[in-house]
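Q: Pasting in a structure now, in structure tokens, and then I'll have a few things to ask.
The values are calculated or read from the model by the stated rules, or taken from the named source; none is laboratory data. Being a predicted model, the structure only gives us computed values, none of them experimental. Every residue, glycine among them, receives a Cβ derived from its backbone with ideal geometry; neighbour counts consider all protein chains shown. Accessible surface is based on the protein model in full, side chains and every heavy atom, while ligands, DNA and RNA are left aside. Shrake-Rupley method; radii C 1.70, N 1.55, O 1.52, S 1.80 Å.
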Amino acid sequence: MAKAHDPETPLDVPPQPPPVAAGAEDAGERLDRFLARRLSGLSRSRLKQLIETGRVSEGGATLSDPSQKVKAGQVFHLDLPPPAPATPEGQAIALAIVYEDADLIVIDKPAGMVVHPAPGNPDSTLVNALIAHCGASLSGIGGVKRPGIVHRLDKDTTGLLVVAKTDHAHRALSRQFAEKAEGPLKRGYLAFVWGAPSRPKGIIDASLGRHPHARDKQAVRENGRSAVTHWQALDRFDGADRKAVTALLACTLETGRTHQIRVHLAHIGHPILGDRVYSTGFRTKASRLGPNARAALEALGRQALHAYLLSVEHPETGEILEFRSELPGDLRRLLDALHMESHEAGREPR
């Protein structure tokens, strides 16, 4: 197991590319496409990540939008980060541990934490924290980049996640996630969505695959992988016009595809509040929220999705372990504001 990196010892700094100047013929081109054309050795996807992580500047200002249009006369500077270590290093990052024994550990993941190192997120991940916390006991079956990891949550999704501490536990938990509906595994999510479904509950059975035009997105695809989500309406919230503007749904998964709940709920016309990827066409609906709910949503800065329920069979004892997680503070404030303003609109929330 790799030792924790000494912050006093600098990693190798890569050679930096020269400044890139835009001419009149470049005006109007996307920034990431322009830089990819002018800089050999850096792919457009890599440049997009560099821009989004604040590694590109112009005129002393840090840029973050890969799609912004280039203007003639602009000069762009790139600051390439040090190369990520081949093996993740332990980092002393606080963890909200719900349960731990010799075989597994259950974490209540906060918003903003990436589960394992990946391009654009080389460290400060859950894996880095687990290496520091568990040491050599952490299962290596997931590989050096994902030790102990048997499932994931999106960076900005909060809630419960189980990690294997032994190879036997890793194999047993992985089987449960593979069996899904047939096995003991249960995963439950709370999602705040735009609009209110006309039915109290339903099933979304729609195959998912990579989006045909945006490689970082998923989409409903006829030739995609099977994906099934069950949902149940828990509450609905009216706006000032006394019409339902949002709802709270409980979702359970039969499958575990990337972005599954987010894509499925958007597919049925009820995307998740705050989802910057799959609810872009619903941003104007925020004007129908009351001032407190609107402020809570703006402060949220992420999708309003929380993994509140996790049930697994213990890999050694066979005992069914069930864990529940309360809404984190930002979602609790959103819920309270929606309740209050729905009541003021003239309807008692259920």
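Q: Set the Förster radius R0 to 22 Å, insert the Cβ-Cβ distance between Glu326 and Arg294 as r into 1/(1 + (r/R0)^6), and round the FRET efficiency to 0.05.
A: 0.40
Q: Does a label point 7 Å from the Cα of Ala21, set along Cα-to-beta-carbon, have any residues of the range 44-76 with amide nitrogen under 18 Å, and which are they?
A: Of the residues in the range 44-76, 57-60, 70-76 have backbone N under 18 Å from the label point off Ala21.
Q: Taking the chain as a Gaussian network, where each spring joins two C-alpha atoms under 10 Å apart, which residue of Pro315, Pro15, Pro88 fluctuates the most?
A: Pro15
Q: Now, a different point. Below 25 Å Cα-Cα, how many Lys pairs turn up in the range 138-294? Only count pairs eight or more apart in sequence, or on different chains, if you could.
A: So the count of such lysine pairs works out to 18.
Q: May I ask you to compute the full-extension gain from Asp167 to Thr258, defined as 0.36 nm times their residue separation minus their alpha-carbon distance, rounded to one decimal in nm?
A: Using 0.36 nm per residue and subtracting the Cα-Cα distance, I get 30.3 nm.
Q: Find the relative contact order for the chain and round it to a whole percent, using C-alpha pairs within less than 8 Å whose residues are 6+ positions apart.
A: 13
Q: Please give the per residue accessible area of the chain, computed with a probe of 1.4 Å over protein heavy atoms only, in Å².
A: 50
Q: Counting other Cβ atoms within 10 Å, which GluC sites (Glu not before Pro) in the range 145-235 have at most 16 and lie in a DSSP loop?
A: Glu222
Q: Something else about it: Of the heavy-atom accessible surface of the chain (probe 1.4 angstrom), what whole percent is carbon and sulfur?
A: Taking all protein chains in place, the chain shows 50 percent carbon and sulfur surface.
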